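Structure first, then comments.
The values are calculated or read from the model by the stated rules, or taken from the named source; none is laboratory data. Given the structure is predicted, the values throughout are model-derived calculations rather than measurements. No Cβ is skipped: glycine too gets one built from the backbone with ideal geometry, and neighbour counts run over all protein chains shown.
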(Lines give C-alpha, C1' and ligand atoms only; values in the text may rest on other atoms or scores of the structure.)
Protein backbone atom coordinates (compact mmCIF):
# COMPACT_ATOMS: atom_id res chain seq x y z
CA UNK A 1 0.00 0.00 0.00
CA UNK A 2 1.34 3.43 -0.96
CA UNK A 3 2.41 5.54 2.02
CA UNK A 4 0.29 8.70 2.16
CA UNK A 5 1.94 10.41 5.10
CA UNK A 6 0.60 13.66 6.58
CA UNK A 7 -2.29 15.60 5.05
CA UNK A 8 -1.52 19.06 3.68
CA UNK A 9 -3.17 22.29 2.67
CA UNK A 10 -1.64 25.19 0.78
CA UNK A 11 0.14 27.99 2.59
CA UNK A 12 -1.73 31.29 2.44
CA UNK A 13 -0.36 33.42 -0.38
CA UNK A 14 -0.62 36.96 -1.68
CA UNK A 15 0.83 38.83 -4.64
CA UNK A 16 3.56 41.36 -3.90
CA UNK A 17 1.52 44.17 -5.46
CA UNK A 18 -1.50 43.29 -3.34
CA UNK A 19 0.50 43.24 -0.10
CA UNK A 20 1.33 46.94 -0.31
CA UNK A 21 -2.33 47.76 -1.05
CA UNK A 22 -3.48 45.80 2.01
CA UNK A 23 -1.28 47.78 4.38
CA UNK A 24 1.88 45.69 4.28
CA UNK A 25 3.13 42.82 6.39
CA UNK A 26 2.18 42.83 10.06
CA UNK A 27 2.72 40.52 13.07
CA UNK A 28 1.61 36.95 12.40
CA UNK A 29 2.24 33.40 13.60
CA UNK A 30 1.31 31.52 10.41
CA UNK A 31 3.35 31.18 7.19
CA UNK A 32 2.72 33.49 4.24
CA UNK A 33 3.95 33.13 0.65
CA UNK A 34 4.45 36.44 -1.14
CA UNK A 35 4.51 35.86 -4.88
CA UNK A 36 6.91 38.08 -6.81
CA UNK A 37 8.50 39.88 -3.84
CA UNK A 38 12.09 39.18 -4.89
CA UNK A 39 11.36 40.18 -8.50
CA UNK A 40 10.90 43.73 -7.23
CA UNK A 41 14.39 43.82 -5.69
CA UNK A 42 17.88 44.26 -7.25
CA UNK A 43 18.72 40.64 -6.36
CA UNK A 44 16.46 39.51 -9.18
CA UNK A 45 18.94 40.95 -11.71
CA UNK A 46 22.17 40.68 -9.73
CA UNK A 47 22.03 37.18 -8.23
CA UNK A 48 22.55 34.79 -11.13
CA UNK A 49 24.83 31.74 -10.89
CA UNK A 50 27.37 33.31 -13.25
CA UNK A 51 27.39 36.74 -11.59
CA UNK A 52 27.95 35.24 -8.14
CA UNK A 53 30.66 33.00 -9.62
CA UNK A 54 32.50 36.20 -10.61
CA UNK A 55 32.78 37.39 -7.00
CA UNK A 56 36.33 38.16 -5.90
CA UNK A 57 37.76 39.23 -2.59
CA UNK A 58 39.22 42.73 -2.24
CA UNK A 59 42.70 41.41 -2.89
CA UNK A 60 41.49 39.77 -6.12
CA UNK A 61 41.69 36.22 -4.78
CA UNK A 62 39.16 33.49 -5.49
CA UNK A 63 36.28 33.01 -3.05
CA UNK A 64 36.02 29.74 -1.17
CA UNK A 65 33.38 28.53 1.27
CA UNK A 66 32.58 25.58 3.51
CA UNK A 67 30.22 23.15 1.80
CA UNK A 68 27.74 20.79 3.40
CA UNK A 69 28.47 17.11 2.71
CA UNK A 70 25.30 15.09 3.18
CA UNK A 71 22.04 15.74 4.99
CA UNK A 72 23.08 17.17 8.36
CA UNK A 73 19.73 17.49 10.14
CA UNK A 74 19.07 13.75 10.27
CA UNK A 75 22.19 12.28 8.69
CA UNK A 76 25.70 11.71 9.98
CA UNK A 77 27.71 14.92 10.32
CA UNK A 78 30.75 14.67 8.07
CA UNK A 79 33.85 16.82 7.80
CA UNK A 80 32.74 19.81 5.68
CA UNK A 81 35.04 20.45 2.70
CA UNK A 82 36.18 23.98 1.87
CA UNK A 83 36.08 24.56 -1.88
CA UNK A 84 36.22 27.35 -4.44
CA UNK A 85 32.71 28.57 -5.27
CA UNK A 86 33.30 29.72 -8.86
CA UNK A 87 33.49 26.33 -10.66
CA UNK A 88 30.63 24.99 -8.52
CA UNK A 89 28.32 27.89 -9.39
CA UNK A 90 29.21 27.83 -13.08
CA UNK A 91 28.30 24.16 -13.17
CA UNK A 92 24.98 24.93 -11.47
CA UNK A 93 24.36 27.63 -14.07
CA UNK A 94 24.82 25.11 -16.89
CA UNK A 95 22.50 22.66 -15.15
CA UNK A 96 19.88 25.38 -14.66
CA UNK A 97 19.79 26.14 -18.39
CA UNK A 98 18.56 22.61 -19.07
CA UNK A 99 16.39 22.19 -15.97
CA UNK A 100 12.68 21.43 -16.26
CA UNK A 101 10.61 21.52 -13.05
CA UNK A 102 8.00 18.78 -13.43
CA UNK A 103 8.41 16.17 -10.69
CA UNK A 104 8.52 16.67 -6.96
CA UNK A 105 6.55 15.98 -3.81
CA UNK A 106 3.58 17.57 -5.55
CA UNK A 107 4.08 17.21 -9.33
CA UNK A 108 3.19 20.25 -11.41
CA UNK A 109 0.17 18.56 -13.01
CA UNK A 110 -1.40 17.85 -9.60
CA UNK A 111 -0.37 21.22 -8.21
CA UNK A 112 -2.18 23.05 -10.99
CA UNK A 113 -5.32 20.92 -10.67
CA UNK A 114 -5.89 21.44 -6.93
CA UNK A 115 -8.02 24.23 -5.53
CA UNK A 116 -6.53 26.57 -2.94
CA UNK A 117 -8.72 25.06 -0.20
CA UNK A 118 -7.89 21.45 -1.08
CA UNK A 119 -6.56 18.88 1.39
CA UNK A 120 -4.05 16.51 -0.20
CA UNK A 121 -1.15 14.11 0.30
CA UNK A 122 2.34 14.27 -1.19
CA UNK A 123 4.23 11.78 -3.34
CA UNK A 124 6.89 10.49 -0.94
CA UNK A 125 8.21 8.03 -3.54
CA UNK A 126 9.88 11.07 -5.14
CA UNK A 127 12.37 11.11 -2.26
CA UNK A 128 13.57 7.60 -3.11
CA UNK A 129 14.77 8.59 -6.59
CA UNK A 130 17.91 10.48 -5.54
CA UNK A 131 20.65 10.84 -2.93
CA UNK A 132 20.10 14.14 -1.08
CA UNK A 133 22.81 16.76 -0.57
CA UNK A 134 25.87 15.14 -2.10
CA UNK A 135 27.57 18.55 -2.01
CA UNK A 136 25.62 21.64 -1.03
CA UNK A 137 26.74 25.25 -0.50
CA UNK A 138 24.45 25.73 2.48
CA UNK A 139 24.42 28.33 5.25
CA UNK A 140 27.11 30.50 3.68
CA UNK A 141 27.35 33.94 5.34
CA UNK A 142 27.70 35.64 1.98
CA UNK A 143 26.52 39.06 3.20
CA UNK A 144 29.17 39.11 5.91
CA UNK A 145 31.88 38.54 3.30
CA UNK A 146 30.30 40.88 0.73
CA UNK A 147 28.24 43.47 2.68
CA UNK A 148 27.66 45.50 -0.49
CA UNK A 149 25.21 42.77 -1.58
CA UNK A 150 22.83 43.62 1.28
CA UNK A 151 21.27 46.37 -0.80
CA UNK A 152 19.99 43.73 -3.21
CA UNK A 153 17.35 42.52 -0.74
CA UNK A 154 14.75 45.03 0.45
CA UNK A 155 13.78 43.01 3.51
CA UNK A 156 12.90 46.17 5.44
CA UNK A 157 10.05 46.71 3.00
CA UNK A 158 8.58 43.42 4.23
CA UNK A 159 9.71 43.51 7.85
CA UNK A 160 9.17 46.97 9.38
CA UNK A 161 10.82 47.87 12.65
CA UNK A 162 14.28 47.19 14.06
CA UNK A 163 15.63 43.65 14.20
CA UNK A 164 18.98 42.02 14.65
CA UNK A 165 19.27 39.95 11.48
CA UNK A 166 21.63 37.36 10.11
CA UNK A 167 21.53 35.81 6.68
CA UNK A 168 22.56 32.53 5.09
CA UNK A 169 22.65 31.67 1.41
CA UNK A 170 21.82 28.21 0.07
CA UNK A 171 23.04 27.29 -3.43
CA UNK A 172 22.86 23.81 -4.89
CA UNK A 173 21.60 21.48 -7.60
CA UNK A 174 18.18 19.91 -7.95
CA UNK A 175 17.17 17.47 -5.20
CA UNK A 176 19.01 19.10 -2.32
CA UNK A 177 17.15 18.61 0.95
CA UNK A 178 17.05 20.59 4.18
CA UNK A 179 15.79 18.16 6.80
CA UNK A 180 12.84 18.62 9.12
CA UNK A 181 13.50 21.14 11.91
CA UNK A 182 12.32 24.43 13.38
CA UNK A 183 14.23 27.64 14.16
CA UNK A 184 13.81 29.83 17.22
CA UNK A 185 13.76 33.12 15.22
CA UNK A 186 11.35 34.11 12.45
CA UNK A 187 12.68 33.67 8.91
CA UNK A 188 12.11 35.25 5.52
CA UNK A 189 13.03 32.62 2.93
CA UNK A 190 13.81 34.43 -0.34
CA UNK A 191 13.99 32.35 -3.52
CA UNK A 192 16.13 33.98 -6.22
CA UNK A 193 16.71 31.15 -8.72
CA UNK A 194 15.02 27.79 -9.18
CA UNK A 195 11.98 26.30 -7.44
CA UNK A 196 11.78 24.70 -4.01
CA UNK A 197 9.03 22.81 -2.23
CA UNK A 198 8.59 23.66 1.46
CA UNK A 199 6.52 21.60 3.87
CA UNK A 200 5.60 23.21 7.19
CA UNK A 201 3.93 22.12 10.43
CA UNK A 202 2.68 24.49 13.16
CA UNK A 203 3.93 24.01 16.73
CA UNK A 204 0.81 22.09 17.76
CA UNK A 205 1.91 19.23 15.48
CA UNK A 206 5.11 18.66 17.48
CA UNK A 207 3.83 15.45 19.18
CA UNK A 208 3.87 13.74 15.76
CA UNK A 209 7.28 14.98 14.59
CA UNK A 210 9.75 13.02 16.75
CA UNK A 211 11.93 15.71 18.31
CA UNK A 212 15.63 14.76 18.11
CA UNK A 213 18.38 15.21 20.69
CA UNK A 214 20.91 16.07 17.96
CA UNK A 215 22.13 19.61 18.70
CA UNK A 216 22.04 22.50 16.25
CA UNK A 217 22.55 26.12 17.23
CA UNK A 218 19.30 28.04 16.89
CA UNK A 219 17.26 25.06 15.71
CA UNK A 220 15.43 22.00 17.01
CA UNK A 221 15.74 18.93 14.79
CA UNK A 222 13.47 15.98 14.10
CA UNK A 223 14.46 12.31 13.92
CA UNK A 224 12.16 11.92 10.89
CA UNK A 225 14.24 11.71 7.73
CA UNK A 226 11.85 12.59 4.89
CA UNK A 227 14.42 11.21 2.43
CA UNK A 228 14.34 7.75 4.01
CA UNK A 229 10.84 7.25 5.37
CA UNK A 230 10.85 3.62 4.20
CA UNK A 231 13.65 2.90 6.67
CA UNK A 232 11.75 4.39 9.66
CA UNK A 233 8.51 2.40 10.09
CA UNK A 234 7.89 3.63 13.64
CA UNK A 235 8.44 7.27 12.70
CA UNK A 236 6.39 6.93 9.49
CA UNK A 237 3.36 6.04 11.60
CA UNK A 238 3.75 9.09 13.83
CA UNK A 239 4.53 11.40 10.89
CA UNK A 240 1.36 10.31 9.06
CA UNK A 241 -0.78 11.74 11.88
CA UNK A 242 0.50 15.28 11.32
CA UNK A 243 -1.36 18.01 9.46
CA UNK A 244 0.85 20.37 7.52
CA UNK A 245 1.11 23.17 5.00
CA UNK A 246 2.74 23.10 1.57
CA UNK A 247 4.32 25.88 -0.48
CA UNK A 248 5.79 25.77 -3.97
CA UNK A 249 8.30 28.63 -3.73
CA UNK A 250 9.25 29.73 -7.22
CA UNK A 251 12.04 32.03 -8.30
CA UNK A 252 11.07 35.55 -7.24
CA UNK A 253 8.95 34.50 -4.23
CA UNK A 254 9.48 35.12 -0.52
CA UNK A 255 8.09 32.80 2.18
CA UNK A 256 7.63 33.90 5.79
CA UNK A 257 8.37 31.00 8.17
CA UNK A 258 7.35 31.87 11.73
CA UNK A 259 9.47 30.81 14.66
CA UNK A 260 8.90 27.26 15.96
CA UNK A 261 7.15 26.19 12.75
CA UNK A 262 8.64 22.87 11.67
CA UNK A 263 9.73 22.81 8.03
CA UNK A 264 11.74 20.89 5.45
CA UNK A 265 12.83 22.01 1.98
CA UNK A 266 13.29 20.03 -1.25
CA UNK A 267 14.77 21.63 -4.37
CA UNK A 268 13.21 20.89 -7.74
CA UNK A 269 15.88 22.74 -9.73
CA UNK A 270 19.33 24.27 -9.27
CA UNK A 271 18.59 27.05 -6.82
CA UNK A 272 19.77 30.17 -5.03
CA UNK A 273 17.97 31.00 -1.78
CA UNK A 274 18.62 33.51 0.99
CA UNK A 275 17.26 32.92 4.49
CA UNK A 276 17.01 36.09 6.59
CA UNK A 277 16.52 35.43 10.31
CA UNK A 278 15.51 38.23 12.64
CA UNK A 279 15.00 38.96 16.32
CA UNK A 280 13.36 41.97 17.93
CA UNK A 281 14.94 43.34 21.15
CA UNK A 282 12.36 41.46 23.24
CA UNK A 283 13.05 38.21 21.38
CA UNK A 284 16.78 38.62 21.89
CA UNK A 285 16.24 38.89 25.66
CA UNK A 286 13.71 36.07 25.91
CA UNK A 287 15.19 33.55 23.47
CA UNK A 288 18.67 34.62 22.42
CA UNK A 289 20.22 34.32 25.88
CA UNK A 290 18.98 30.77 26.37
CA UNK A 291 20.31 29.71 22.97
CA UNK A 292 23.72 31.28 23.58
CA UNK A 293 23.99 29.57 26.98
CA UNK A 294 23.40 26.17 25.36
CA UNK A 295 26.01 27.01 22.74
CA UNK A 296 28.59 27.81 25.43
CA UNK A 297 27.88 24.50 27.18
CA UNK A 298 28.12 22.63 23.88
CA UNK A 299 31.47 24.19 22.97
CA UNK A 300 32.76 23.20 26.40
CA UNK A 301 31.70 19.60 25.73
CA UNK A 302 29.06 19.68 28.49
CA UNK A 303 25.93 19.56 26.33
CA UNK A 304 25.21 16.93 23.65
CA UNK A 305 28.84 16.30 22.88
CA UNK A 306 29.48 14.46 19.57
CA UNK A 307 25.81 14.58 18.65
CA UNK A 308 25.45 17.78 16.69
CA UNK A 309 25.57 19.45 13.28
CA UNK A 310 28.75 21.39 14.00
CA UNK A 311 31.23 18.61 14.86
CA UNK A 312 32.01 15.46 12.96
CA UNK A 313 29.80 12.61 14.17
CA UNK A 314 30.16 8.90 13.47
CA UNK A 315 27.22 6.53 12.89
CA UNK A 316 27.85 5.02 16.32
CA UNK A 317 27.13 8.29 18.16
CA UNK A 318 24.47 7.96 20.84
CA UNK A 319 21.68 10.36 21.62
CA UNK A 320 22.41 12.46 24.65
CA UNK A 321 19.71 13.97 26.80
- Name every residue in the range 126-150 that is touching a residue at least 24 places away in the same chain (Cβ under 8 Å) and in contact with a helix residue (DSSP H, G or I) (Cβ under 9 Å, 6 or more places away or on another chain), in order of residue number. 127, 128, 135, 137, 140, 142, 143, 149
- Query: Which one is surrounded by the most Cβ atoms within 10 Å (Cβ to Cβ), of the residues in the range 108-132 that are in contact with a strand residue (DSSP E or B) (Cβ under 8 Å, 6 or more places away or on another chain) and part of a loop (DSSP other than H, G, I, E, B)?
  - Reply: 122
- modelled with pLDDT under 90 and surrounded by 14 or more Cβ atoms within 10 Å (Cβ to Cβ), is that true of residue 66? no
- Mind checking whether some residue in the range 280-296 is touching a residue at least 24 places away in the same chain (Cβ under 8 Å) and part of a strand (DSSP E or B)? no
- Residue check for residue 237: more than 22 Å from residue 6 (Cα to Cα), without any contact (Cβ under 8 Å) to a residue 40 or more places away in the chain and outside any loop (DSSP other than H, G, I, E, B): no
- Does any residue of the range 3-17 turn out to be within 30 Å of residue 229 (Cα to Cα), exposed (fewer than 13 other Cβ atoms within 10 Å of the Cβ) and over 20 Å from the mean Cα position of the chain (by Cα)? yes
- Task: Considering every residue within the range 301-309, establish whether at least one is at pLDDT 95 or above, touching a helix residue (DSSP H, G or I) at 6+ places or on another chain (Cβ under 9 Å) and not in a helix (DSSP H, G or I).
- Result: no
- Message: Condition first: farther than 13 Å from residue 264 by Cα and in contact with a helix residue (DSSP H, G or I) (Cβ under 9 Å, 6 or more places away or on another chain). Now tell me which residues in the range 203-237 satisfy that.
- Response: 207, 208, 210, 215, 217, 218, 228, 229, 230, 232, 235, 236
- Please find, among 92, 52, 105, the residue that is in contact (Cβ under 8 Å) with a residue 40 or more places away in the chain, under 19 Å from the mean Cα position of the chain (by Cα) and not in a loop (DSSP other than H, G, I, E, B). 92
- Task: Identify all residues within the range 228-251 that are at pLDDT 95 or above, farther than 22 Å from residue 186 by Cβ and within 19 Å of the chain's Cα centre (by Cα); write none if there are none.
- Result: 251
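Okay, residues lined up against (1) touching a strand residue (DSSP E or B) at 6+ places or on another chain (Cβ under 6 Å); (2) part of a loop (DSSP other than H, G, I, E, B); (3) at pLDDT below 95; (4) crowded, with 21+ Cβ neighbours inside 10 Å:
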position: 144; (1), (2), (3), (4): no, no, yes, no
position: 156; (1), (2), (3), (4): no, no, yes, no
position: 161; (1), (2), (3), (4): no, yes, yes, no
position: 178; (1), (2), (3), (4): yes, no, no, yes
position: 189; (1), (2), (3), (4): yes, no, no, yes
position: 192; (1), (2), (3), (4): yes, no, no, yes
- Message: For residue 202, only one of the following conditions fails: (1) within 30 Å of residue 45 (Cα to Cα); (2) surrounded by fewer than 20 Cβ atoms within 10 Å (Cβ to Cβ). What is its number?
- Response: (1)
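Looking at 158, 149, which is the one that is closer than 19 Å to residue 33 by Cβ and more than 16 Å from the chain's Cα centre (by Cα)?
Within the list 158, 149, the selection yields 158.
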